[in-house]
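Coordinate-derived values only; no laboratory data. Treat the numbers as computed from the prediction; the structure is a model and nothing was measured. Methodologically, a virtual Cβ is constructed for each residue, glycine included, from the backbone with ideal geometry; neighbour enumeration extends over all protein chains shown.
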Amino acid sequence: MSEIAELEGRIRAALDRIGRAVEEMGATGVSPEALAAAEARAADAREEAAEARAALLDANRAIAREDSRAAAAEAEVARLKEALETETTASAQLRERVADLKTRKEAESARVRELEAELRAMAAARAEDRAELDALIDALEPLVKEQSHA
């Protein structure tokens, strides 16, 4: 922006010099030397104005490039914010699922312990039944032998 202000100042100065040269010509009459000097100053002023315009165009192009870069950076920031929000949501959902799975695992572990206890109780009952049957067989075996020999 300071370049633009500097260029505007240079253009104003050149226009002021042209204006003074025109005033001098009008007040004193036009001599060939004065006319040549005025034409030289006008040519210098035109050259400075052209340089100032070119510099102004370059500055405007640079500003446009920087605006474009800024817009691209803002778009990238927006995209990254959106991606972060998506990841944050996914992370929260994953935490919920993990907590649910832990709860289910604990419930299943408790059920497995219950079933194992029940299995041990059934195995103990079976062992008692087997012992009782073995005792009955042992008690009946002499009677069966007597019957088969008789």
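How high is the FRET efficiency from Glu23 to Ala62, r the C-beta distance, R0 41 Å, rounded to 0.05?
0.65
Between Leu94, Ser109, Ala49, whose Cα lies farthest towards the positive end of the dipole of the chain when Lys and Arg beta carbons carry +1 and Asp and Glu beta carbons carry -1, centred on the Cα centre?
Ala49
Pull up the cross-link candidates among the aspartates and glutamates for Lys105, meaning alpha carbon to alpha carbon under 19 Å and not fewer than 8 places away within one chain.
Here the aspartates and glutamates satisfying the reach criterion relative to Lys105 are Glu96, Glu114, Glu116.
Please give the net charge around Arg111, taking every other residue with its beta carbon less than 11 angstrom from that of Arg111, where Lys and Arg add +1 and Asp and Glu add -1.
-2
If the chain between Ser2 and Gln93 were fully stretched, how many nm would it gain, using 0.36 nm times the residue separation less the Cα-Cα distance?
27.5 nm
According to a simple spin-label model (label point 7 Å from Cα along Cα-to-Cβ), what is the distance in nm between Leu84 and Glu108?
Distance between the two pseudo-spin positions: 3.7 nm.
Report, in degrees rounded to the nearest 10, the 0 to 90 angle that the Cα long axis of helix 32-149 makes with the longest principal axis of the chain.
0
For the Cα atoms of the chain, what angle does the longest principal axis make with the long axis of helix 2-28, in degrees from 0 to 90, nearest 10?
Roughly 10 degrees, rounded to the nearest 10.
I need to check one value: relative contact order of segment 2-121, counting alpha carbon pairs closer than 8 Å and at least 6 residues apart, in percent.
About 29 percent, as a whole number.
Which one, [x] 117, 11, 6; [y] 46, 17, 12; [z] 34, 16, 12, gives semi-axes √(5λ) of the Cα gyration tensor in Å as derived from the coordinates shown?
Evaluating semi-axes √(5λ) of the Cα gyration tensor in Å on these atoms matches [x].
What number comes out for the charge environment of Arg126, summing +1 per Lys or Arg and -1 per Asp or Glu over other residues with Cβ under 14 Å away?
Summing Lys/Arg as +1 and Asp/Glu as -1 gives -3.
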